[in-house]
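Scroll down for the structure; my scribbles are underneath it.
The values are calculated or read from the model by the stated rules, or taken from the named source; none is laboratory data. Bear in mind that the values here come from a model prediction, so they are computed numbers and not experimental data. Virtual Cβ from ideal backbone geometry, glycine too; neighbours counted across all protein chains shown. For accessibility, only protein heavy atoms count, side chains too; no ligands or nucleic acids. Shrake-Rupley method; radii C 1.70, N 1.55, O 1.52, S 1.80 Å.
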Protein chains: 6
Amino acid sequence: MRVSVYREASFNSAHRLHNPSWTKEQNERVFGLCNNPNYHGHNYKIVVKVTGEVDPETGYVIDLKIVNDLIKELITERFDHRNLNLDVEEFKSLNPTVENIAIVSYNLLRARLHQDFDLQVRLYETPRNYVDYPT
Amino acid sequence: MRVSVYREASFNSAHRLHNPSWTKEQNERVFGLCNNPNYHGHNYKIVVKVTGEVDPETGYVIDLKIVNDLIKELITERFDHRNLNLDVEEFKSLNPTVENIAIVSYNLLRARLHQDFDLQVRLYETPRNYVDYPT
Amino acid sequence: MRVSVYREASFNSAHRLHNPSWTKEQNERVFGLCNNPNYHGHNYKIVVKVTGEVDPETGYVIDLKIVNDLIKELITERFDHRNLNLDVEEFKSLNPTVENIAIVSYNLLRARLHQDFDLQVRLYETPRNYVDYPT
Amino acid sequence: MRVSVYREASFNSAHRLHNPSWTKEQNERVFGLCNNPNYHGHNYKIVVKVTGEVDPETGYVIDLKIVNDLIKELITERFDHRNLNLDVEEFKSLNPTVENIAIVSYNLLRARLHQDFDLQVRLYETPRNYVDYPT
Amino acid sequence: MRVSVYREASFNSAHRLHNPSWTKEQNERVFGLCNNPNYHGHNYKIVVKVTGEVDPETGYVIDLKIVNDLIKELITERFDHRNLNLDVEEFKSLNPTVENIAIVSYNLLRARLHQDFDLQVRLYETPRNYVDYPT
Amino acid sequence: MRVSVYREASFNSAHRLHNPSWTKEQNERVFGLCNNPNYHGHNYKIVVKVTGEVDPETGYVIDLKIVNDLIKELITERFDHRNLNLDVEEFKSLNPTVENIAIVSYNLLRARLHQDFDLQVRLYETPRNYVDYPT
């Protein structure tokens, strides 16, 4: 009886898409307005999906407080009200596209969640633009 | 040409999380405010996903009236405006966590839906706290 | 330059609609399923609207932390995961309709918010059933 | 590192459910109000899911402008503010159920999207009635 | 203690914007795609706001069943799954813009709702395009 | 027969709350994380409300294309994918709180909209934090 449980959180960050090995022209052509050197920003929403067996004692897959605390420690306290490019270690050498932010978030959570649980991250950059990792 | 069709319904219920084989202290420690002996409540939203072949005569996977009638008979007429712990047979000896309500809902629908159809239930306890069964 | 600022919060409560001066039959006729003696419940959402002048020093109408703290102290810590009829003083002798919960919430906040601010409360009982007070 | 990216678009169309090989009575019995000979309509919302490897140069699965342009050319410019039965070639001999509109949309996009990408279409006929293809 | 209560309903209709006293060219210039002679359509959402005193016996402004029944009789049963231009008497000589549909809906409800209540109608043509009447 | 019509748009911007006449400590105490010198960001949503008489020729209060074009020219093309503090003239000497962004947006639109129309702006900084101007 495996069930998936979902938990949402949000963070509001500045970012800029940029590949430092490219010319200014190439960056502007590929990333357009997202390459603005002064940054722009988003209300990101992260949905964490944890899949596992239902514990017959509690009726829970996992105590969501554990998931909440991990999201808070690993993601929102580090990304929220930050400039992803300047303030967050992982994006100093990794372009903070919504794809890469989702992969980084997944890896941070995966390293701390018991291996009995499957994990998937959905990340919304806007209400109409979002990604899943892994697929 | 298998397609999944989705149908939503809602029910507004009181419930309490409690394991009768535990002490009062253990229940309070694990379930926190959800263990309030006077109950609390939620606007539950159920999304029923039915997967099958598209009938070339109708262009339908299934006449959604059939799905609607099953949800109404098996779920909303029995759970809506009820106290899940006191008024619903299935939860008199089963802790009404969102995981268990989803499993019970799935089992009720599965027993009445033709085996040619795959079935999945998503259940929202709040807009930000929800589960899928099966995964 | 008066601006209105809005702040949302939510609480998940059990309740029952009942007039103790009426007969059982009259209560059932008027309140229907909402009169269930074992209670049902909702995810209430409250939207607090505060109107005032923009402070030229801060660019704020009001520091929303003040509004948040009032909502938390006066409303969510007292209503959330409670049975409104049994656990909340104000509804021991007042029918907890969405209208009355909105009026009670407004009065609690009004008594503690500086008179320079106008105040309005919107309360959602479900996503499709909600009220404003005052109008 | 395969990631799924999602893109939404909408179109507002008239349609009618009808099987020309059936009698008037059979059409009315199966399709009910949806068989109205004068048509009714919907705000359709399409969500296109594209799955692929993240390009290490860009951090993108795919430049969403490519997806946008395909959706615009193949779907919204042909379906939006149209009568699906009368104005859209594909539905002149195919009943425009939400299932069939999703399959047609998928086939149009699939033919033009590089085979390295997986594709799925979700189509909303109303906020509470939607389908996925393929499953 | 006047409170406003809100009730929502929806209807899915075909329509066309057209002024019969104008030329084809003028209609196309002003109404663009909305002038398509084969119609297009929308999922309309109507929100009915009723303002009045809270009855101390019930805690209700009005029994929402009364509002529901009026919306159903006067609006949804007449507009839903219809072609507004062809099937609805009021729009045979009145252009069914979202403004005019809101005014017609208001007038239908106003004529049947007790004068002690204030009334306002909000009508959504799409989630992002809506009107209020009266203002 | 005055009707209000609403139109939505969005822009994704970086910003920072800061009063240059204050000390670093005072800015941090009042604005907290919002004072981050490297900026953070939001998906802003603006809802423009225009109130006027319904034109009996068109059934429109105003051709929404006019409103769209004004929003695009005055707001989204200037604020979207920008750093409000660094890239937008109006906020070089005005703290870009959601209150002030709403007032600036209103003033920009008001100067270009015919005086027969009333105007109000609602601005969302997040889905749960928003303002109206004027009130």
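So what is the calculated 222 nm ellipticity per residue for the protein assembly as shown, using -39500 (n - 2.57) for each DSSP H run with n of 4 or more, over all residues, to the nearest 500 deg cm²/dmol? Provide the component values of the computation, followed by the final result.
Working: 24 runs with 198 residues, N = 810.
Calculated from helices alone, the mean residue ellipticity at 222 nm is -6500 deg cm²/dmol.
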Item checked: Residues of segment D:68-107 with amide N under 12 Å of a point placed 7 Å along Cα→Cβ from residue D:28 -> none
Checklist line | Which of A:114, A:27, A:46, positive extreme of dipole for segment A:2-135 (C-beta unit charges) | finding: A:27
Notebook entry, point to check: In segment B:1-96, which GluC sites (Glu not before Pro) are in a loop and have at most 16 other Cβ atoms within 10 Å, using DSSP for the loop call?
Noted result: B:57
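Summing both sides, how much accessible area is buried between C and F? Use a 1.4 Å probe and give Å² to the nearest 100. Mind dumping the intermediate values first?
On the way: alone 8220 and 8240 Å², together 14810 Å².
So the total buried area for this chain pair works out to about 1700 Å².
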Next item on the list: Could you point to the residue in F:76, F:13, F:123 farthest towards the positive end of chain F's charge dipole, with +1 and -1 charges on the Cβ of Lys/Arg and Asp/Glu respectively?
Entry: F:13
Check: Looking only at B:111, B:102, B:14, which one moves most when chain B is put into a Gaussian network model with springs between Cα atoms under 10 Å?
Finding: B:111
Notebook entry, point to check: Of F:85, F:36, F:95, which has the largest mean-square fluctuation in a 10 Å C-alpha GNM of chain F?
Noted result: F:36
Notebook entry, point to check: Looking down the axis that turns E into D, which residue of E has the closest beta carbon, and how many Å out?
Noted result: E:41, 0
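What is the dipole size for chain B, taken about its Cα centre, with +1 at each Lys and Arg Cβ and -1 at each Asp and Glu Cβ, in debye to the nearest 20?
Working: 16 positive and 19 negative charges, 92 e Å.
The dipole of chain B has a size of about 440 debye.
Tell me the net charge near residue B:125. Cut-off is 12 Å between Cβ atoms, residue B:125 excluded, with +1 for each Lys or Arg and -1 for each Asp or Glu. Intermediate values should be presented prior to the final figure.
Details: positive: A:7, B:45, B:122, B:128; negative: B:99.
Residues close to residue B:125 contribute a combined charge of +3.
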Next item on the list: Would you mind counting up the charge near residue C:31? Only other residues with Cβ under 13 Å from its Cβ, with Lys and Arg at +1 and Asp and Glu at -1.
Entry: -1
Checklist line | Accessible area of segment C:15-55 divided out per residue, in Å², using a probe of 1.4 angstrom | finding: 44
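Which whole number gives the average, over all residues in F:6-17, of C-beta atoms from other chains lying within 10 Å of the residue C-beta? Can you show the working numbers first?
Numbers: counts 7, 3, 5, 1, 4, 1, 10, 6, 11, 5, 3, 3.
Mean number of neighbouring Cβ atoms from other chains: 5.
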Item checked: Rounded Å value of the spacing that divides the Cα centres of segment B:84-107 and segment E:28-87 -> 37
Check: With every protein chain kept in the model, how would you rank C:113, C:94, B:84 by accessible area, 1.4 Å probe, largest at the top?
Finding: C:94, C:113, B:84
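What does the charge dipole of segment A:16-57 about its Cα centre add up to, to the nearest 20 debye, if the Cβ of each Lys and Arg holds +1 and the Cβ of each Asp and Glu holds -1? Don't jump to the answer; show the numbers that get you there.
Working: 5 positive and 5 negative charges, 88 e Å.
The calculated dipole for segment A:16-57 is roughly 420 debye.
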Check: Averaged per residue, what accessible area in Å² does segment F:66-135 show with a 1.4 Å probe, protein chains only?
Finding: 44
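Taking the Cβ of residue F:63 as the center, what net charge do the other residues with Cβ under 15 Å away carry, scoring Lys and Arg +1 and Asp and Glu -1? Walk me through the numbers before you get to the answer.
Values: positive: E:29, F:7, F:65, F:72, F:112; negative: E:28, E:99, E:125, F:53, F:55, F:57, F:69, F:116.
For residues surrounding residue F:63, the net value is -3.
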Item checked: Across the identical copies, how the residue A:111 labels are spaced - nm, sorted shortest first, 7 Å along Cα→Cβ -> 4.8, 4.8, 5.1, 5.1, 7.0
Next item on the list: Pop out the carbon and sulfur fraction of the accessible area of segment B:55-135 as a percent, whole number, probe 1.4 Å.
Entry: 47
Item checked: Ascending list, in nanometres, of distances separating the residue D:22 label from those of the other copies (7 Å, Cα toward Cβ) -> 3.9, 4.5, 5.3, 5.3, 6.7
Note to self: If each label sits 7 angstrom from Cα along the C-beta direction, how far apart, in nm, is residue F:77 from its counterparts in the other copies?
What the structure shows: 2.2, 4.6, 5.2, 5.2, 6.0
Next item on the list: Pick out which of A:41, A:52, A:32 has the largest mean-square fluctuation in a Gaussian network model of chain A, springs linking Cα atoms closer than 10 Å.
Entry: A:32
Check: Cα-based count: Lys pairs in chain D below 26 Å, eight or more positions apart or different chains?
Finding: 7
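Compute, for the protein assembly as shown, the length of the dipole vector about the Cα centre, with Cβ point charges of +1 (Lys, Arg) and -1 (Asp, Glu) only. Units Debye, rounded to 20.
On the way: 96 positive and 114 negative charges, 0 e Å.
I would put it at about 0 debye.
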